[in-house]
Amino acid sequence: MKKTILALALAAGLASAEAATFGTGANQFTLDFTAIGNTTQAADPLTGYGAVGYNYAMGTYDISQTQLAAAATASGQNFGGGAWTGAAPAANVTWYQAAAFVNWLNASAGSPLAYQLSGNNLTAYTSGQVGYNAANPFRNSLALYVLPTMDEWYKAAYGLSNGSGYTQYATGSNIAPTAVKNGTAAGTAVYGYGYGQGPSSVYAAGGLSSYGTMGQSGNILQWSEDNYTIGATSANGNRGITGGAWFTSASWLQSTGQIYTDPQTGSFDNVGFRVAMVTANAVPEPSTYALFGLGAVALIVASRRRNKSATGRN
């Protein structure tokens, strides 16, 4: 599949929420994306996260088990998963398996792979390689689909869509969301319930963020691209997870709730992931311009709970 018209439209600022389709036949599935604007917005002074100076779109929902299984069948690869079923989030996925899923999305779209992976090993791109970016050598700068950095994830979750600042929870509010088992009502999130309940469907994971993403507060924790510090500074170090889960307290949902864990661990049934689309990398061809027209960090705060790790039961 070539780079999608969706990506080109988002890059031109012509759409706020769209979808891209992958696979074929019984293995076909759709990923929804929400455009994240305000490229000049500064980082949140509370945490140092959120400054993203380029166009991108965040997956509106977490990757579901159905989508992960369809991709695995279509690609012949093992992306992990299986902790839950159907539209529940894909979990029991290592960071490397999530990155491999993203690479398959890029290959399907005719885009450069985001990551140089060999099993549970990541290597940096080097100067002279196509797509090398000194600011983030572990991500190909020409890839269309990526695991979100903590900055990208944070802005979509806690940033106000008018660019005026950030909120404490990923429901567009500084007030803790109402705890629900499932649903889509504004100001709600899936958290505070017994572990045995399990997560909700990714499409019924509480109210939306200010930008319009779902489930960045509660339901299931999510991998980010980043290491222990801001940016991917080590090839195979601990990776960030954030967002809270169906059984955690409200404090895990807060903007200061980033934690880090071993990227090789695939036994966490409370850790999933979502995909970002870096629309700045989608360069329209002249015919596409004719179709659409020419539309248009570094603080580490002491409150970040660095020493916690996710725990899972299967």
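None of the figures in this text is laboratory data; all of them are computed from the coordinates on show. Nothing here was measured: the structure is a model prediction, and the numbers come from that model. All Cβ positions, even for glycine, are placed from backbone atoms using ideal geometry, and neighbour counts span all protein chains on display.
Using Cα pairs closer than 8 Å and at least 6 residues apart in sequence, work out the relative contact order for segment 105-240, in percent. Intermediate values should be presented prior to the final figure.
Values: 258 pairs, mean separation 27.0, N = 136.
Reported relative contact order: 20 percent.
For THR188, the amide hydrogen comes within under 5 Å of the amide hydrogens of THR178, GLY207, counting only partners 5 or more places away or on other chains and with H modelled in the peptide plane.
Going from the residue with the fewest nearby Cβ atoms within 10 Å to the one with the most, THR256, THR24, THR171 rank THR24, THR256, THR171. Rounded to two decimals, the Cα radius of gyration of segment 75-221 over 2.2 N^0.38 Å is 1.19.
Cα centroids of segment 132-197 and segment 231-278: 11 Å apart.
Relative contact order for segment 5-292: what percent, with Cα pairs under 8 Å and sequence separation of 6 or more?
About 21 percent, as a whole number.
Of the residues PHE247, PHE101, PHE33, the one with the fewest other Cβ atoms within 10 Å heads the list, and the complete ranking is PHE247, PHE101, PHE33. Couplings 3J(HN,Hα) for segment 91-104, derived from phi with the Karplus relation 6.51 cos²θ - 1.76 cosθ + 1.60 (θ = phi - 60°), are 9, 6, 10, 6, 4, 5, 5, 5, 5, 5, 4, 4, 4, 5 Hz, where x marks Gly and Pro.
Fewest neighbouring Cβ atoms within 10 Å first, the residues GLU18, GLU152, GLU225 line up as GLU18, GLU152, GLU225.
Sorted from longest to shortest, the spans of the Cα atoms of segment 5-292 along the three principal axes equal 49, 42, 38 Å.
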